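**Student:** I have a structure I would like to understand better, so I am pasting it below and will then ask my questions one at a time.
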Amino acid sequence: MASRPGELFRFDLDLGSGQVAGADEAGRGCLAGPIVAAAVLMDRDCLESEGDGRLSEIRDSKKLTAKARERLYPEVMACALKVVVVMRSSAYIDANGLHVSNIECLSRAIEGLGPGPEAITLVDGFALKECEVPHRRLVKGDSTSAAVAAASIVAKVTRDRCMARAGRQYEGYGFEGHKGYASPGHRDAIRLLGPSPIHRLSFDSDAYAA
C-alpha cells in the first residue's frame, strides 16, 4: 500500500490508464453540519508531473494541517481536469440516514464528474451499488491513490469552510474550531445551549440503507 506522497502518484500511474478519478467524503463522523463528497479527475500528465511539482506533498487530508490543505486545494483545482462536490445537510441526513446520504453524495459526485470509459474510477472505502459509473472500491484509498487523496482534500476544505461560516452564524458552539466533530468543548456547548439547527438528531447510520 502506498504511504509516501510520491507513491500515491505511482499507484495511479501503475493502473495504466490515461485518466484516474478519485472520490472521498468528509464529515461522516460529525455531530453537526453536512456530509461532503468530492470527486476529482486527473490525467496522466498531471500524475506524471505531480501537478508540475505543486502537488508533490499530497496525501490523505487527515494527515495534513489545515494550512497545508488550504495551500493544496487551489493546486488540485488547477491540475484536475474536473472536480465535482456534492453535499447533504444535517436535516437530509436525519431524514434519510447517514449511510444512505454518504453513498448518495459519493455516487452523485462521480456521476457528475462523468469520467469516460478510458478512466479508472476509485472510491475510498465504499462500493456504490446504485452508481451508474463503473468504479473500484479502494480501502484506505486516501492513503493509497493521489486522485483519492486529492478528493479528500477538496471535500475536507469545502466542509471546513462551511463550518467556519456556521461558527459565525451559530455563536457559542465553536464550529469554526472543531468543525462539528465530537470534541469535549462541542459536547459541553450542546449541553449548555441545546442543539443548533445544523446538529444531527439521528445517528442510525443504517437507516433506510439498501
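Every read-out reported here was derived from the displayed coordinates using simple, explicitly stated rules and does not represent laboratory data. Quick caveat: nothing in here was measured; it's all calculated off a predicted structure. With ideal geometry, Cβ positions are generated from the backbone for all residues, glycine too; neighbour counts draw on all protein chains shown.
**Student:** Looking at the chain only, what percent of DSSP beta bridges run antiparallel? Nearest 5 please.
**Tutor:** Values: 16 of 24 bridges.
Antiparallel bridges make up about 65 percent of those DSSP assigns within the chain.
**Student:** Put +1 on the Cβ of each Lys and Arg and -1 on the Cβ of each Asp and Glu in the chain; which of ALA147, ALA23, MET163 then has its Cα farthest toward the positive end of the dipole?
**Tutor:** MET163
**Student:** Please give the net charge around ALA166, taking every other residue with its beta carbon less than 14 angstrom from that of ALA166, where Lys and Arg add +1 and Asp and Glu add -1.
**Tutor:** Neighbourhood net charge equals +3.
**Student:** While we're on this one: Considering the options ALA119, GLY6, GLY177, tell which one lies farthest towards the positive end of the dipole of the chain, charges being +1 on Lys and Arg and -1 on Asp and Glu at the Cβ, about the Cα centre.
**Tutor:** Selected residue: GLY177.
**Student:** Now for a separate question. Among the GluC sites (Glu not before Pro) in the stretch 103-142, which ones are in a DSSP loop with at most 16 other Cβ atoms within 10 Å of the Cβ? Mind listing them?
**Tutor:** When the GluC sites (Glu not before Pro) of the stretch 103-142 are filtered for loop state and at most 16 Cβ neighbours within 10 Å, GLU118, GLU130, GLU132 remain.
**Student:** To the nearest 20 Debye, how big is the dipole of the chain about its Cα centre, given +1 on the beta carbon of each Lys and Arg and -1 on that of each Asp and Glu?
**Tutor:** Using Cβ point charges on Lys, Arg, Asp and Glu, the chain gives about 680 debye.
**Student:** Quick check: pseudo-label points 7 Å beyond the Cα along Cα→Cβ at ALA164 and ARG54, how many nm apart are they?
**Tutor:** Placing both labels 7 Å beyond Cα along the Cβ direction yields 1.9 nm.
**Student:** Let me ask something else. Can you figure out the FRET efficiency of SER89 with ALA68, using R₀ = 25 Å and their beta-carbon distance, to the nearest 0.05?
**Tutor:** 0.35
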